[in-house]
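The values are calculated or read from the model by the stated rules, or taken from the named source; none is laboratory data. Being a predicted model, the structure only gives us computed values, none of them experimental. All Cβ positions, even for glycine, are placed from backbone atoms using ideal geometry, and neighbour counts span all protein chains on display.
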Amino acid sequence: MSVFAHHTHDFASDPDTALAAADAFFQKTGVRFTPLRRRVFEIILRAGKPIGAYDILERLRDHGKIAAPISVYRVLDFLIEQRFVHRLATINAYMACVTPEDPHAAQFLICQSCGSVTEISDQAVDKAIAEGARTAGFRVSYPLVEIMGVCADCARDGKA
């Protein structure tokens, strides 16, 4: 079982390394990493927590970049397609992937109390989803599972 346990999305401590890795990836693959795509990814990295599309738009405007909401959504779709960002539908937010270089299904533990998010990738869960989908004749395009609950810190602090 391969689990990226305790990999919270707090890239604020080293977003420069993540940006450099993205730059190298896009240069190697020949896919355009436009200034807007790079800036949106940087905003997500520096947020240190899941961030909504309109918050991204506000941060772009704060830095003098004028972008339409549709442009931001297109960039987010691109970053998801390239596996650098995940969309968390439950909380309507986006966050950087822990291991974009490693294609994987992801499960997210989302704390209802403090809002922290931990990405895990459990092969047993991946296998169960694949088998259930195959049995149902369903083709999975984005195997992402979001689990709401209370993190260990909040439970310990009595915030549950």
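The table below lists the values:
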{"read-out": "Sole residue being touching a Leu at 6+ places or on another chain (Cβ under 6 Å) and more than 27 Å from T17 (Cα to Cα), chosen from I129, I147", "value": "I147"}
{"read-out": "Helices (runs of 4 or more DSSP H) lying entirely in region 1-116 (those with 2 or more residues that are modelled with pLDDT of 95 or more and among the aliphatic types (A, V, I, L, M))", "value": "35-47, 53-62, 69-81"}
{"read-out": "Residues of region 103-128 that turn out to be of a type outside the set (F, W, Y) and under 17 Å from the mean Cα position of the chain (by Cα), as a count", "value": "16"}
{"read-out": "Out of G115, G132, sole residue that is over 24 Å from R74 (Cβ atoms) and surrounded by fewer than 12 Cβ atoms within 10 Å (Cβ to Cβ)", "value": "G132"}
{"read-out": "Hey, I44 under 24 Å from D16 (Cβ atoms), surrounded by 19 or more Cβ atoms within 10 Å (Cβ to Cβ), out of contact with any strand residue (DSSP E or B) (no Cβ under 7 Å at 6 or more places or on another chain) and not polar (S, T, N, Q) or not", "value": "no"}
